[in-house]
Amino acid sequence: MRTIWKGAVSFGLVSIGVKLYSATEEKDIRFHQVHREDGGRIRYKRTCQICGEEVTYDDIAKGYDIGGGEMVILTDEDFADLPLSSSHTIDVLEFVPAEQVDPILYNKAYFLEPEGTATKPYVLLRDALTDSERVAIVKVAIRQREQLATLRVREGVLLLNTMLWPDEIRKPDFGFLDEDLKVRPPELAMASSLIDSMAGEFDPDAFTDDYRAALQEVIDAKVEGREVVQPEEVEEAPAAAVDLMAALKASVERAKAARGEAPAGGGGAPTPISSARSAQKKAAEKKAAKAPAGKAAEKKAAPKKTAAKKAAPKKAAEGEKKPAAKKAAPKKAARRSA
């Protein structure tokens, strides 16, 4: 790694000499602009719009456009006279809990390495930060720009995270924020269930840049003169107006299936589209059968009442037959005596 800055961490009356290194690097595949006909590199010349002459870096200054075609020119001497008190110092301002720093403020990350005899105070600050479970809020000037930053510990090394200033964070101004949208408790419960079913421990090594890998394969195939094997295209789900609850429920089932859990009711894991279509079909059937079902229910209920009314005379008839049977007994006895 290449040192990009040298200075000291000012920690109270303690000064810790450090070197600054970029903690991250971009892995994007970069291309040059070339002439399509012969592959020659495209070069750009720095020319002045007024005189048309080509200008070297030594003759280039910084200009600030104040409008109306007027430009204020600043030289290196103008920047050198600016009061940057932290030009070669990382000034510790305070120590705060890490969760109080909104991640949107973070910009770039740098490793700090102790320089010379500063190893012991470096380790002292590192261990003190670890024990306190806090991060240091600092100010530092890098490339002639004063920046707010945090100082924390990562893998035994002090890590400097430069931050954006609060006025550099845009405020969201979207129409839906003024709308009175209500989320039903069942929808919220189902969404929470989906989050629970997809919960896990973050492992950054488990994720890869598939696009970059495929692009590198194309480049390697070109270099080796072999045929480029195109990756299989993933079928895009058809756009459809799906029921929110059906989509959430199907997503929960799919997440459970991905974890190896048996879906409710058995069978394969439903997709959001299939579940939504099933829900729409059931809703249509209910709507179509709503009116006839009510009338049929009334017709079916009527015979039950008439049956109940008919049952009463039947019992009465049975009650009348029993006394008749008792009266018939004396007639038989009379015949026998005769």
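Results, tabulated for the structure shown:
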| item | result |
| --- | --- |
| Where chymotrypsin sites (Phe, Trp or Tyr not before Pro) fall in DSSP loop in region 166-224, at most 12 other Cβ within 10 Å | F174, F202, F207 |
| Region 9-25 - phi-based ³J(HN,Hα) in whole Hz, Karplus 6.51/-1.76/1.60, Gly and Pro as x | 8, 8, 10, x, 8, 9, 10, 10, x, 9, 10, 10, 10, 5, 8, 10, 8 |
| Ranked by how many other beta carbons lie within 10 Å on average, peptides 6-13, 184-191 from highest | 6-13, 184-191 |
| Distant-in-sequence amide H partners of V9 (H built 1.01 Å from N, under 5 Å) | I16, G17, V18, I90 |
| Too-long pairs where the Cα-Cα distance tops 30 Å, listed order kept, from K108/K222; K6/K171; K108/K249; K182/K256 | K108/K222; K6/K171; K108/K249 |
| Long-range HN-HN contacts of D243 with modeled amide H, under 5 Å | none |
| Cleavage-rule hits (trypsin sites (Lys or Arg not before Pro)) in region 23-100: DSSP loop, at most 10 neighbouring Cβ within 10 angstrom | K27, R30, R36, R43, K45 |
| Cleavage-rule hits (GluC sites (Glu not before Pro)) in region 1-96: DSSP loop, at most 11 neighbouring Cβ within 10 angstrom | E25, E26, E37, E53 |
| Within-11-Å neighbourhood charge of V55 [Cβ basis; K, R +1; D, E -1] | -2 |
| In order through region 112-126: 3J(HN,Hα) via Karplus (6.51 cos²θ - 1.76 cosθ + 1.60), integer Hz, x for Gly, Pro | 10, 10, x, 10, x, 8, 8, 4, 5, x, 4, 5, 4, 5, 4 |
| Charged-residue dipole, Cβ positions (Lys, Arg, Asp, Glu), region 21-130 about Cα centre, Debye nearest 20 | 520 |
| Per-residue HN-Hα couplings for region 248-258 [Karplus 6.51, -1.76, 1.60; θ = phi - 60°; Hz; x = Gly/Pro] | 5, 5, 5, 5, 5, 4, 5, 5, 5, 5, 5 |
| Spread of Cα-to-Cα distances over 10 Å intervals beginning at zero, given as percent, for region 99-201 | 11, 27, 24, 20, 13, 4, 0 |
| Distant-in-sequence amide H partners of Q147 (H built 1.01 Å from N, under 5 Å) | V140, A141, I142 |
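Since every read-out is calculated from the coordinates, none of them should be taken as a lab result. Quantities reported herein were computed from a predicted structural model and do not represent experimental measurements. Glycine gets a Cβ as well: all are built from the backbone with ideal geometry, and neighbour counts include every protein chain shown.
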